[in-house]
Number of protein chains: 2
Amino acid sequence: MSEKSNARDNIISTAARLFFSQGYHATGLSQIVKESQAPKGSLYHYFPNGKEELASICIQQTNELILQKFEDTFAAHKSAADGIHQFVQDMAHETEAAGFTGFLPFSFWAAVETSCISQNLRKMCQGVFADWQRVIARQLIHEGMETAKAEDTGLLIISLLEGALIISLTNQDKQPLLTASNYMAAVTKHAKEIQSHP
Amino acid sequence: MSEKSNARDNIISTAARLFFSQGYHATGLSQIVKESQAPKGSLYHYFPNGKEELASICIQQTNELILQKFEDTFAAHKSAADGIHQFVQDMAHETEAAGFTGFLPFSFWAAVETSCISQNLRKMCQGVFADWQRVIARQLIHEGMETAKAEDTGLLIISLLEGALIISLTNQDKQPLLTASNYMAAVTKHAKEIQSHP
DNA sequence: TAATGTATATAGACCGATTGGTATAATTTT
DNA sequence: AAAATTATACCAATCGGTCTATATACATTA
């Protein structure tokens with residue numbers, strides 16, 4: 001009972017959805033207020049430091065969401081390769097189901113835009129990417145992969161994933177994500193063959 | 001001789017630099033006017049349809065720049081694998097040299113943001129990605145790769161490239177691009193082994 | 001060659017709308 | 001009563017875009 005501060009949560013979820021689908025600058029506070037059906041007074045009350053603070057919280061919260069999904073997916077599959085494959089497959093279908101316009105937690109292309117705003121936000125986005133890379137690498141290491149190679153592979157996977165997502169969103173076509181997902185399995189399974197030297 | 005319409009060119013190059021480094025919405029017309037040292041009257045005169053028309057021209061022009069660089073790089077290397085590798089290596093070094101803030105022609109992360117503005121701009125960005133994919137695929141086919149596989153590989157390469165660029169820009173570290181570049185060579189060289197089935 | 005006509009190009013004030021943000025007052029909840 | 005929350009009016013600044021007046025360039029004439 002007693003839904004405490006429903007307005008605050010509504011603002012955060014709405015803001016996150018808008019930030020990660022439209023971008024930071026394209027999303028006005030007025031739009032957040034309107035779509036979240038929260039009063040503007042509350043926005044100032046809950047986030048006294050304004051838009052940047054709100055964005056910061058959105059990044060944190062979205063990151064936790066993604067990390068949880070990574071761990072859930074890994075827990076539900078025998079191999080890391082299968083897990084990653086399923087993760088991207090899910091993303092492809094969710095993207096399509098949302099009409100290529102809706103909220104995609106993994107959609108961190110706005111990290112570049114956000115990084116221009118302040119060093120603080122930039123560091124946060126950097127931390128998000130590092131978290132994802134670490135979660136993947138840990139799983140690979142657990143399966144016997146050499147540490148350095150696992151870290152490289154983790155970085156490659158999130159690079160490919162983000163890139164494919166950008167193209168899928170732009171093209172409004174899930175194929176780039178599907179192609180990436182099929183390839184992902186190969187990356188992790190045959191890492192030894194495809195990993196190259198500096 | 002007689003430098004015709006220097007103002008127009010200045011506006012385009014400045015706008016392209018700002019759009020692709022900051023994003024569309026983060027870049028105001030006033031900033032473009034100020035940094036290009038062109039008069040605001042000229043902006044209206046040369047681009048009567050406003051900001052969107054200007055962005056459209058920037059996308060076209062930047063695309064031609066990249067396509068030319070792709071062809072030059074391929075012409076200068078024996079194998080597609082070597083060419084791609086060099087292409088990404090160059091990009092990594094240019095990114096660092098520019099302090100991770102400057103203009104990067106390949107930086108098309110803003111395609112997602114741009115796609116929200118109008119269907120026309122979205123289609124243009126889609127065409128840009130398709131062009132890049134085609135140029136790479138053509139080279140691979142020329143080297144004997146099966147058509148369908150070459151197209152998939154081209155898509156994977158530009159996905160990985162864009163993703164790695166995003167992370168490099170966010171982290172202000174060229175390593176993600178370098179890691180991708182080393183891996184690229186493996187992708188094209190060992191395509192048969194790593195390409196997986198749907 | 002000189003004068004004129006006609007694009008083209010530039011200057012810069014100006015527009016309503018919206019931006020992020022602030023203030024204070026009224027309301028609700030505890 | 002006290003504290004937390006919401007309502008609303010308001011702010012300067014900037015947004016993209018428009019306007020007219022002027023200046024420059026270039027071609028056509030005389």
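Only one entry of B:61, B:89 meets the criterion of being closer than 24 Å to residue A:111 by Cβ and not in a loop (DSSP other than H, G, I, E, B), and that entry is B:89. Within the stretch B:144-151, one or more residues are outside any loop (DSSP other than H, G, I, E, B), hydrophobic (A, V, I, L, M, F, W, C) and in contact with a helix residue (DSSP H, G or I) (Cβ under 8 Å, 6 or more places away or on another chain).
Considering (1) at pLDDT below 95; (2) closer than 30 Å to residue B:49 by Cα, say which one residue B:146 fails and leave the rest. Against the list (1) at pLDDT below 95; (2) closer than 30 Å to residue B:49 by Cα, residue B:146 comes up short only on (2). When restricted to residues that are assigned to a helix (DSSP H, G or I) and more than 8 Å from DNA strand D (Cβ to nearest atom), the stretch B:34-44 contains 4. Residues in the stretch B:77-102 that are within 14 Å of chain A (Cβ to nearest Cβ) and either among the charged types (D, E, K, R) or within 16 Å of DNA strand C (Cβ to nearest atom) (or both): how many? Here the count works out to 1.
Return yes or no: is residue B:9 more than 30 Å from residue B:176 (Cα to Cα), away from DNA strand D (no atom under 13 Å from the Cβ) and open to solvent by 50 Å² or more (accessible area, probe 1.4 Å)? Against the criterion (more than 30 Å from residue B:176 (Cα to Cα), away from DNA strand D (no atom under 13 Å from the Cβ) and open to solvent by 50 Å² or more (accessible area, probe 1.4 Å)), residue B:9 qualifies.
Taking every residue in the stretch A:14-33 that is more than 14 Å from chain B (Cβ to nearest Cβ) and part of a helix (DSSP H, G or I) and pairing it with any residue that is open to solvent by 30 Å² or more (accessible area, probe 1.4 Å) and more than 10 Å from DNA strand C (Cβ to nearest atom), at least 6 positions away or on another chain, the pairs with Cβ-Cβ distances below 6 Å are A:14/A:35.
Out of B:53, B:64, one residue alone is open to solvent by 10 Å² or more (accessible area, probe 1.4 Å), within 16 Å of DNA strand D (Cβ to nearest atom) and within 22 Å of the chain's Cα centre (by Cα). It is B:53. Taking the stretch A:111-124, which residues are farther than 21 Å from residue B:18 by Cα, in contact (Cβ under 8 Å) with a residue 40 or more places away in the chain and out of contact with any Asp or Glu (no Cβ under 9 Å at 6 or more places or on another chain)? Selection gives A:124 alone. Taking residue A:170 as the residue in question, decide whether it is open to solvent by less than 20 Å² (accessible area, probe 1.4 Å), in a helix (DSSP H, G or I) and in contact with a Cys (Cβ under 9 Å, 6 or more places away or on another chain). In short, yes.
On the given criteria, is residue A:28 within 10 Å of DNA strand C (Cβ to nearest atom) and more than 16 Å from residue B:117 (Cβ to Cβ)? No. Flag set for residue A:84, criterion: open to solvent by less than 80 Å² (accessible area, probe 1.4 Å), over 22 Å from residue A:27 (Cα atoms) and either more than 16 Å from DNA strand D (Cβ to nearest atom) or at pLDDT below 95 (or both).
Within the option set A:108, A:70, A:74, being away from chain B (no Cβ under 14 Å), in contact (Cβ under 8 Å) with a residue 12 or more places away in the chain, open to solvent by less than 10 Å² (accessible area, probe 1.4 Å) and among the hydrophobic types (A, V, I, L, M, F, W, C) holds for one residue only, A:70. Would you please name the residue that is modelled with the highest pLDDT, looking only at residues in the stretch B:111-140 that are at the interface with another protein chain (Cβ under 9 Å from one of its Cβ atoms) and open to solvent by 50 Å² or more (accessible area, probe 1.4 Å)? Of everything passing the filter in the stretch B:111-140, B:126 is modelled with the highest pLDDT.
Restricting the stretch A:41-50 to residues that are open to solvent by 30 Å² or more (accessible area, probe 1.4 Å) and near DNA strand C (Cβ under 6 Å from one of its atoms), the residue that is nearest to the other protein chains (Cβ to nearest Cβ) is A:44. What about residue B:90, is it over 30 Å from residue B:43 (Cβ atoms), surrounded by fewer than 17 Cβ atoms within 10 Å (Cβ to Cβ) and modelled with pLDDT of 95 or more? Criteria not met by residue B:90. Going by what's in this entry, would residue B:167 be described as within 9 Å of chain A (Cβ to nearest Cβ), within 12 Å of the chain's Cα centre (by Cα) and free of Cβ contacts under 8 Å to residues at least 40 places away in the same chain? It is false that residue B:167 is within 9 Å of chain A (Cβ to nearest Cβ), within 12 Å of the chain's Cα centre (by Cα) and free of Cβ contacts under 8 Å to residues at least 40 places away in the same chain. So which residues in the stretch B:175-188 are surrounded by fewer than 22 Cβ atoms within 10 Å (Cβ to Cβ) and closer than 19 Å to residue A:115 by Cβ? Within the stretch B:175-188, just B:175 meets the criteria.
The values are calculated or read from the model by the stated rules, or taken from the named source; none is laboratory data. Just so it is clear, the model here is predicted, and its values are computed rather than measured. Note that each Cβ is placed from the backbone with ideal geometry, even for glycine, and that neighbours are counted across all protein chains shown. Side chains included, ligands, DNA and RNA excluded: accessible areas come from the protein's heavy atoms. Shrake-Rupley method; radii C 1.70, N 1.55, O 1.52, S 1.80 Å.
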